[in-house]
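Visitor: Shown below is the structure under consideration.
The values are calculated or read from the model by the stated rules, or taken from the named source; none is laboratory data. A quick note: this is a predicted structure, and the numbers were derived from the prediction, not measured. Here the Cβ is made from the backbone with ideal geometry for all residues, glycine too, and neighbour counts use every protein chain on show.
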Amino acid sequence: MTSTSSRANSSPPSFARNLRALGEIVKRQRVSCELNLLDAADYMHLSVSDLSHLEDGQPIDTGKLIKILNELGMVMLVLKKADAIDALSAIGEDIDWPQGTAEPPRPRKQAVSAPASPENTTPTLFVDFDGTLHVGASYIDEHGLITLDSGAPLLEFAPLLVKILEPYPSVEIVLTTSWTRNLPPEKVISFLPSELARRVVATTRSSTARLGYIKDGTDRTYIICTFASNRRLTRWLALDDRAHGIEKFERVPGELQNHFVCLDPSRGISDQRALDRIQEWLVSVHAPRID
């Protein structure tokens, strides 16, 4: 039996008959705390897969289960069935358990879940600048003048992206470049060729990563994954030379690997393997869907 503390949630306590019901209770409480899976797992110092497995009704380590419940302001009570009946009756839960049943029948009234927002199937490309569209790290002075430590031209590989995207007008771009921290988004976009600039629909300027992710170098990966999750993007690809620790944010092993093109910063997207991967993605997301 799992109940929610009155301080964290004033709704009536919930009764978990099985792991799936427990997972639904945990998910409902997490959502009520306005936490997505990534933020909740980071806050609890647990992996995303642990929290995801619990919410999906799968077994996890008992210690981790108790930690998750505690962090969400919930407690789990283990009682004899007779005592549980008395306790549930005292809080207004009328549970009719037939003798000899391994699992009580489902309650007559089921909570109605709010409909999930529809998936966003727009082909979306997350694009960095340094190590992606040119070689070298950028320096922006107080006047907004940008130079590269490599001495290479700014955005020298942008024409390659223009060419490869030309047959696919529906592809949108989200800029992940750190330039947006120092310059207005419209200024950053203005550096791009017009063919790319008109595809830009957003930047990750307002997205921030937790200190732990910044320290271990996975902040860019976290920001991209969170942005894609919040926008419910399903057809996205990230071009970046700083996509580290991808597996850390996977609910299922390998689920995010095909969403990232981890670039060699000395070659960016000029690397033929990177261009081939982008082309492969473009073909796959524009293929007819079979329902």
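Visitor: If you go through the stretch 196-219, how many residues are within 14 Å of the chain's Cα centre (by Cα), modelled with pLDDT of 90 or more and farther than 16 Å from I173 by Cα?
Guide: Adding up the residues that qualify gives 2.
Visitor: Right, something else. Within the stretch 46-69, take every residue that is under 18 Å from C225 (Cα atoms) and not in a helix (DSSP H, G or I) and give me the one that is farthest from the chain's Cα centre (by Cα).
Guide: Ranking the candidates gives L46 first.
Visitor: In the stretch 127-151, which residue that is under 15 Å from F191 (Cα atoms) and not in a strand (DSSP E or B) is farthest from the chain's Cα centre (by Cα)?
Guide: Within the stretch 127-151, the match that is farthest from the chain's Cα centre (by Cα) is L145.
Visitor: Given the condition modelled with pLDDT of 95 or more, farther than 17 Å from S47 by Cα and of a type in the set (K, R), answer yes or no: does some residue in the stretch 225-246 qualify?
Guide: yes
Visitor: Here is a follow-up. Could you give me the residue pairs with C-beta distances under 7 Å whose first residue belongs to the stretch 17-45 and is modelled with pLDDT of 85 or more and assigned to a loop (DSSP other than H, G, I, E, B), whose second residue is surrounded by 19 or more Cβ atoms within 10 Å (Cβ to Cβ) and of a type in the set (S, T, N, Q) wherever it lies, and which are 6+ apart or on separate chains?
Guide: N36/T226
Visitor: Can you find even one residue in the stretch 206-216 that is in contact with a strand residue (DSSP E or B) (Cβ under 8 Å, 6 or more places away or on another chain), under 15 Å from D128 (Cα atoms) and either outside the structural domain of D50 (by TED's automatic domain parsing) or not aromatic (F, W, Y) (or both)?
Guide: no
Visitor: Counting only residues that are buried (at least 19 other Cβ atoms within 10 Å of the Cβ) and under 12 Å from the mean Cα position of the chain (by Cα), how many does the stretch 237-250 have?
Guide: Adding up the residues that qualify gives 3.
Visitor: Out of (1) without any contact (Cβ under 8 Å) to a residue 24 or more places away in the chain; (2) over 18 Å from L239 (Cβ atoms); (3) among the small types (G, A, S), the odd one out for G144 is which?
Guide: For G144, the exception is condition (1).
Visitor: Please give the helices (runs of 4 or more DSSP H) falling wholly within the stretch 166-280 in which 3 or more residues are touching a residue at least 24 places away in the same chain (Cβ under 8 Å).
Guide: Qualifying helices (runs of 4 or more DSSP H): 211-216, 219-230.
Visitor: Going through I189, I223 one at a time, which residue ends up being within 23 Å of P167 (Cα to Cα), surrounded by 14 or more Cβ atoms within 10 Å (Cβ to Cβ) and of a type in the set (V, I, T)?
Guide: Testing whether each residue is within 23 Å of P167 (Cα to Cα), surrounded by 14 or more Cβ atoms within 10 Å (Cβ to Cβ) and of a type in the set (V, I, T) leaves just I189.
Visitor: Is there a residue being surrounded by fewer than 16 Cβ atoms within 10 Å (Cβ to Cβ) and either out of contact with any helix residue (DSSP H, G or I) (no Cβ under 8 Å at 6 or more places or on another chain) or at pLDDT below 80 (or both) anywhere in the stretch 67-74?
Guide: Yes.
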